[in-house]
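Single-structure report; data block below.
Since every read-out is calculated from the coordinates, none of them should be taken as a lab result. This one's a predicted model, so the numbers in the text were calculated from it and none came from an experiment. Here Cβ is always computed from backbone atoms with ideal geometry, including for glycine, and neighbour counts include all displayed protein chains.
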């Protein structure tokens, strides 16, 4: 008798191998957060340096949206959720919660 080798298929691995689609994390503009908040959040959550974070804050203010990262699906979902959990801007009394972000195919 020969040695039988059992092959186990991990559906998540198979899915990622067959669908390597990249996803963009898109930060959406609003009037309830300051530039300082956006810069602070991007530096903390995405490790942006000061100039890059400032440019992203300018872009989201001007264009209404900015792509802050392009990555695989699970990480994009995680980063979106981190933005949603970041909390209100303490610099503005009218800030009721976190900024909004979404993910979309890159």
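Worth a mention:
- Counting neighbouring beta carbons within 10 Å and listing from fewest to most, the residues 48, 78 come out as 78, 48.
- Sites residue 21 and residue 82 - FRET efficiency at Förster radius 22 Å, r taken between beta-carbons, to 0.05: 0.60
- The range 30-73: radius of gyration and largest Cα-Cα distance (Dmax), Å: 10.2, 30
- Using a simple spin-label model with pseudo-atoms 7 Å out from Cα toward Cβ, residue 75 and residue 91 lie 2.8 nm apart.
- Shown for 32, 77, 69, 93: other C-beta atoms within 10 Å of each C-beta, ranked fewest to most, produce the order 93, 77, 32, 69.
- Relative pair counts by distance (%), Cα atoms of the range 64-106, 10 Å bins: 27, 47, 22, 4
- For the range 60-106, the relative contact order comes to 30 percent (Cα pairs under 8 Å, sequence separation of at least 6).
- Against the empirical 2.2 N^0.38 Å (N residues), the range 21-105 has a Cα radius of gyration ratio of 1.00.
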